Each structure stands twice: as structure tokens, then as C-alpha cells.
Amino acid sequence: MTSIELRLPSMLASAAGGSTRIRVTGETARQALDDAFARHPLLRTHLLDEEGHVREHVHLFLNEDDIRERLAAELHEGDQLVVLQQMSGGRS
Amino acid sequence: MSENGFRPFTPDQVSRYARHLILPEVGGAGQRKLLNSSVLLLGAGGLGSPAALYLAAAGVGTLGIVDFDEVDASNLQRQILHGTADVGKPKTQSAAETLQSINPDVKVIEHRLHVNSENALQVFEPYDLIIDGTDNFPTRYLANDAAFFLKKPLVHGAIYRFEGQMADFTPAAGTGCYRCLFATPPPPGAVPSCAEAGVFGVLPGIIGSMMAFETIKLLLEIGEPLIGKLLIFEGMDMSFRKVNLRRNARCPLCGDEPTVHGLIDYEAFCGAPAVEPSEATVQVG
């Protein structure tokens, strides 16, 4: 199994035991996410909807590329899976 | 006027912009272009402050500032357009005074109003470029849609605690818009605001300064702007990451079969409470 780093925005850290970086394993992005969800079930609620699709306001990047609609993307050593969540702050 | 029809730089301007004038990428032609440019900043807060300060210092000729708020003591930790003596003033007034003190070449136009679907196109129209430094989803979607309909570049920035995001959306490039990235807003309450979650004071300085950098690049048409890219900054490990954005063929605004053909009720779209508009425009400088 390939071991990679899953990087989370800080607003999701509380759903992942307080960490924004998790080592996860899997041959695909979906398997890596399932590995993270097995240890941090609340994370699944934040990232996926009831049908298992990535939520509209969340994106998943494998290194530089958006894979929110292709979670079967194959993983390689050294890859990073990056969760991007919509944020609004700036003026106040 | 010179032979080519341009007003020559004054001795004060030659001195003020000397470090730009010797850059081949800017030079006299570029500096003149900046002086003839106009930029609208949505928000004179965390992101708008550094962006406006650098754009004024760079000699961007006209800066419009949209903000309806007054300076509060809790702003001073990061909103560097405003000082202690400005508490209680309209932010647009405080911003205009600060920007004028930095560079009297700059004309500052105060828009003391809530930008909304009734006034956005009229407010945006005179400007070359829009900077989105707002703090709520309804205004972000409104800014995206209005800039798209007017075919104006939009420099987007957003911050949260120790993290920031920024991108340039240019409708003419066909590389996508904010809605391509986030077709719909998160459910109300799903994403805390800075007021709820806090923000590290220097963070908007970093993101807002980069927004000014990108704005000047776009105005001068130099370098490789963040078009089709999103920059993610994580301050806690000081990492910058660029990810690829794509135009979404299903985007309701710029996709193959758009369903948004005009500005909508963005408070209703985002499930946010409605805000009463107020109107006032003041020109300074």
C-alpha cells in the first residue's frame, strides 16, 4: 500500500484529532480517504455527502490537480492529498 | 503634453516612482499605465488595507473603496489603513485619508454602501479591475458574477485564522470563475467567519499584498498572473501551494449551458440574512 500525506485546512483539524497532516495509506485517493475516515469518522461527514460524493464547498487536490470527481486516481509515494475548503474571511 | 500626447512625469513623480521607472517590466510606459488605471476594492478591511496601500504607493491613479462600516478598535490588529484616531470614522473616509497621505497622485472614490445586486454593475462599471476582499459569501458570489458580466478581471482573496487563498479570475481568458471552483456556497454556519474563528493579524498583510502584486501584473500585462491557478498559503508551516483550476463546463455562470443570466438575490442564494442598502459616493483627491 502507498503511504501519503493528507493535508487538511485548520477548520477541519478538530475532526481529525487536532492535526492538519495525517499519514494515510491506499492505492487510490478513495482508499486513502477511507483510511482517514476509519480513524476519524467525523472527517467523512465534513468531506462527503450522504451519497459519498465530495461536498460542493470542498475540493480534493492530488498534488496540483483537482480529483474531486475522480477519487479512483492512483497514488504514488510522495504524493500529497490536499483538502481545500471554501473560506470567506477578508474584510472584517 | 509631450509629442506623443502623454503628460510628462513631474519631477516629484520621477522621484516617487524611480524604482519602478528603472524596472524594464514597468518603466515609463508601465508607470503611466498605472497612473491611468482604476481599481475597485471591495472592503477596506484586512485584505483591502494592504492591497490599497500598495496600489496607492505604486501610483494606481484611481482607487474606489467600497465599505459601509465604521472603524472599530477590534479592526486595528490587522486593518492597517486605519489608526487609533480613526476609530468611529467611516472606513472609506479613513482609507481615503491614509491613501491620500501616501500618494496625492491617487484619486480615491469612497463608496459608502452595501454592494448588492441592485447597484453592483453600476458601481463596478467605471473600474478596470475588481479586488474581492470581502468577508461573506453573498458578496463574493455577487462580485464574481458582476465582474463576469462586465468582463472585468477579479482578484480574489480569502483568509481564515492562519491560512489564505487567492486567485485571479479573468472572464476574457475563459479559464473559469469563482463559481467553477465553488458552484454553491457552504450551508449557513458550516464555515466560520474570522469574527467567529479569529485571524492572525499579519495574515491579511501577506494575502492582501499578493493581491496588490497580482493586480499590478494584470494592469501591466506582465509575468504569469494566477489565472487558472489557486494559491493556498498555510502560515503555520509557511507553505505556499499552487493548484490548478479548470473552467467547469457545468458552471451555472460561465459553463456550456449557463443558468445565471443576471445578478440574483445573493443573500437568499447563500441563506444569509438580507442587508439594507445605503448609498453614498464621495470623491477625494
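The values are calculated or read from the model by the stated rules, or taken from the named source; none is laboratory data. None of the values given here were measured: they were computed from a predicted structure. All Cβ positions, glycine included, derive from the backbone under ideal geometry; neighbour counts span all protein chains shown. These accessible areas exclude ligands, DNA and RNA; they are computed on the full protein's heavy atoms, side chains included. Shrake-Rupley method; radii C 1.70, N 1.55, O 1.52, S 1.80 Å.
Data for the structure
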| read-out | value |
| --- | --- |
| Mean separation of Cα contacts under 8 Å, 6 or more apart, over the residue count of chain B: relative contact order % | 20 percent |
| Heavy-atom surface of chain B, accessible at 1.4 Å and reported per residue (Å²) | 44 Å² |
| Distance from region B:1-67 to region A:46-92 (C-alpha centre basis), Å | 38 Å |
| Area of residue B:213 that stays accessible when all protein chains are in place (1.4 Å probe, Å², to 10) | 140 Å² |
| Pairwise FRET efficiency - residue B:6 versus residue A:14, Cβ, R0 = 51 Å, nearest 0.05 | 0.35 |
| Residue-averaged 222 nm ellipticity for chain B, from DSSP H runs of 4+ at -39500 (n - 2.57), nearest 500 | -8500 deg cm²/dmol |
| Heavy atoms of residue B:160 accessible to a 1.4 Å probe, total area in Å² rounded to 10 | 10 Å² |
| Extent along principal axes [Cα atoms of chain B; Å; largest to smallest] | 55, 45, 42 |
| Directionally averaged projected area (convex hull, Cα atoms, the protein assembly as shown), nm² | 19.8 nm² |
| Relative contact order (%) - chain A, alpha-carbon pairs under 8 angstrom, separation at least six | 35 percent |
| Pairwise label distance in nanometres, residue B:150 with residue B:259, each label 7 Å out on the Cα-Cβ vector | 2.7 nm |
| 0 to 90° range, to nearest 10: angle between helix B:91-102 axis and chain B longest Cα axis | 30 degrees |
| Candidates B:186, B:104, B:153: whichever shows maximal mean-square fluctuation once chain B is modelled as a Gaussian network with Cα springs under 10 Å | B:186 |
| Area hidden from solvent between A and B (accessible, protein heavy atoms only, 1.4 Å, total, Å²) | 3100 Å² |
| Under 20 Å between alpha carbons - lysine pairs in region B:100-245 that sit 8 or more apart or on different chains | 7 |
| Carbon/sulfur fraction of accessible area - chain B, other protein chains in place, 1.4 Å, % | 55 percent |
| Rounded to the nearest 20 debye, dipole of region A:3-85 from Cβ charges on Lys, Arg, Asp, Glu | 400 debye |
| Charge dipole (the protein assembly as shown, unit charges on Cβ, about Cα centre) - positive-most of B:235, B:199, B:261 | B:235 |
